[in-house]
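Below: one structure, written as structure tokens.
The values are calculated or read from the model by the stated rules, or taken from the named source; none is laboratory data. These numbers come from a predicted model, not from an experiment. Quick reminder, even Gly has a Cβ in these numbers, built from the backbone with ideal geometry, and neighbours come from all protein chains shown. What goes into the accessible areas is simple: the full protein's heavy atoms, side chains included, and nothing from ligands, DNA or RNA. Shrake-Rupley method; radii C 1.70, N 1.55, O 1.52, S 1.80 Å.
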Amino acid sequence: MLIPLKPGELQRLIPAVATGNQFRASLGTPQQVLQRLMIAAIGGVITFLIYNQAQLGSRWGPVWLVISVVFFLYMLWGPIVEAGQRNATLRRYPAAALFEGEVADVTTRERVEGRHEQADSRGQLELVENRRTWVLLELEDEDGYLGRLAFPMEKRHQSIRRGMVIRCLVLSDRKDFSRIGSFSDAWMPGLRMWAGEYPFLLRPAFEELCQRRLSSKS
């Protein structure tokens, strides 16, 4: 079941500015957090030292001070900008619809998410792969197969079974949805659980929309 959204509903469900959940999701791995911290510290210190030199009779002193502050705050605005960019990838679609269907199949797959070298017990370098298990959900409704939703595996996802009702947004470049462009994160009311790689949706607003629009179709 695809129910096209009304004008403005997509923008209300997927905000332009990062929410708390989106900010946390955009922080990334501990390695990415450390990288941001190093950029903030090194960039902030260097520009602050330049500011100390420039302010001795230079009109560029305040500019360097602002740049220094921007670097020091990179840990905050970096994830906010990244979340805004991710939100924009779905907000740009001209067609969006509410989908209610079921999980046709549940599978898992190992993905290589990075490689690095480290020394083994003999002091020799070896290539180590960072692997992560992903869940793949095949989605379908009364019209047949719709697409696949993929997200990193967590322990709570072990309770997902075939035939469970699932709801999400479907995005397309075409008004007739003959070609699916993307999916949002998904809500499974039977488990009271959300699943997805990234929390695109304002979740209370989406649950309210489902209650309002789906009940009117029943």
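List of remarks:
- GNM remark for the chain: springs join alpha carbons under 10 Å apart, and the peak mean-square fluctuation among 156, 192, 122 falls on 122.
- Seen against the Cα atoms of the chain and their longest principal axis, helix 61-72 is set at about 50 degrees.
- Nonlocal amide H pairs with residue 140, under 5 Å, H built at 1.01 Å: 102, 104, 146
- What the phi angles of region 27-35 give under the Karplus curve with 6.51, -1.76 and 1.60, with θ = phi - 60°, is a coupling list of 4, x, 6, x, 5, 5, 5, 5, 5 Hz, glycine and proline written as x.
- Under 5 Å between amide hydrogens, built in the peptide plane, is the criterion, and for residue 185 it picks out 200, 201 among residues at least 5 positions away or on other chains.
- Where labels lie 7 Å past Cα in the beta-carbon direction, separation of residue 165 and residue 133 in nm: 2.9
- Structural descriptor for region 39-107: relative contact order 30 percent, calculated from alpha carbon pairs under 8 angstrom and at least 6 residues apart.
- In terms of its alpha-carbon gyration tensor, the chain comes out oblate; a/c meets the 1.5 threshold, while b/c is at least as large as a/b.
- With every protein chain in place, the chain: carbon and sulfur % of accessible area (1.4 Å): 55
- A simple spin-label model places the labels of residue 150 and residue 176 2.9 nm from each other, with each point 7 Å out along Cα-to-Cβ.
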